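One structure is given here, and the rest of the page talks about it.
The values are calculated or read from the model by the stated rules, or taken from the named source; none is laboratory data. Every value quoted in this text rests on a predicted model; they were computed, and no experiment measured them. Here the Cβ is made from the backbone with ideal geometry for all residues, glycine too, and neighbour counts use every protein chain on show.
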Amino acid sequence: MKRFAALLLLLALASTAQASGVSLRWGGCEGTANRNFACDKSTGQELLVGSFDPPSGIAHLSGMEVVLRITTADGSAPSWWMMSSAGSCRRSSVTMAFDMSDQMDCDDPWSGQALGGIGAWEADGSGINVRMVGAVAPSFMGPVSSGRTYAGFKLLINHQKSTGAGSCGGCETAVCIRIEAIKLTDPGRLIDANSHMWENKTWVLTDGINAMGGASQVATWQGGNSNCAAGLAKPSTWSELKSRFKSK
């Protein structure tokens, strides 16, 4: 918890600007938009990769905060997708990772040095809201360039309880997983060396990466389509987006 709190400190709010795009794909940065699974085994796992094309002007990328939304056509939250909450059917069936050494079609902005994790995985009656955070120590901060795709995070989703006794319902349900926003942080200057407080600059990315075509910020499961990606209205501010979470 202390490490997670420190990561959140690095992502303290400051000025915000509109920026470039984001993408979510199965198997890799330029992987497939949809993943079908027969739900016939409880071993193995799926790989979901989030990436971003940053705006110009980021000289020292220190961290990112990510909000995902998982929705179905009927607005349900299948128990198979309740993977992280206490008491959920598939608790601990998902992990967040920053080792991007296996990603050949995009760049790693932090050379494998980022730390972080999932801060919230909450159902709200019409879908599931997921909040994640990652950051690096000051010595590993570096510039990122607009017009290039960077690997942001990986979600490793295992097949636990997909079939057999004690299985969780909803594996076969069509689902859309959407990156609602990725917030990138650049510490403009050090305010207080003793407390390590920075005057941060932030950029909020909400649109898909144009070069990838279509709604690149949405990945589907079992053939989900745009209808199950409707969910909530697009938030107008980062604060509005964060207000969805019980554990802010």
Would you check which residues across region 140-171 are small (Gly, Ala, Ser), part of a loop (DSSP other than H, G, I, E, B) and within 29 Å of GLY21 (Cβ to Cβ) and list them?
SER145, SER146, GLY147
Can you tell me which residues in region 1-26 are modelled with pLDDT under 95 and either surrounded by fewer than 13 Cβ atoms within 10 Å (Cβ to Cβ) or farther than 30 Å from SER139 by Cβ (or both)?
MET1, LYS2, ARG3, ALA5, SER15, ALA17, GLN18
Test each condition in (1) out of contact with any strand residue (DSSP E or B) (no Cβ under 8 Å at 6 or more places or on another chain); (2) surrounded by fewer than 22 Cβ atoms within 10 Å (Cβ to Cβ) for CYS171 and report the one that comes out false.
(2)
Residue that is nearest to the chain's Cα centre (by Cα) [pool: residues in region 39-70 that are in a loop (DSSP other than H, G, I, E, B) and polar (S, T, N, Q)]
SER62
Single residue of ALA233, ALA215, ALA211 found to be of a type in the set (A, V, I, L, M), at pLDDT below 85 and part of a helix (DSSP H, G or I)
ALA211
Every residue from region 218-230 that is at pLDDT 80 or above, more than 22 Å from TRP203 (Cα to Cα) and of a type outside the set (S, T, N, Q)
ALA219, TRP221, GLY223, GLY224
Scan (1) out of contact with any strand residue (DSSP E or B) (no Cβ under 6 Å at 6 or more places or on another chain); (2) over 26 Å from ASN210 (Cβ atoms); (3) surrounded by 15 or more Cβ atoms within 10 Å (Cβ to Cβ) for the single condition ASP40 breaks and write down its number.
(3)
Count of region 85-105 residues which are over 16 Å from the mean Cα position of the chain (by Cα) and under 17 Å from SER23 (Cβ atoms)
4
Tally of residues being in a loop (DSSP other than H, G, I, E, B), among the hydrophobic types (A, V, I, L, M, F, W, C) and either surrounded by 15 or more Cβ atoms within 10 Å (Cβ to Cβ) or modelled with pLDDT of 90 or more (or both) across region 71-130:
10
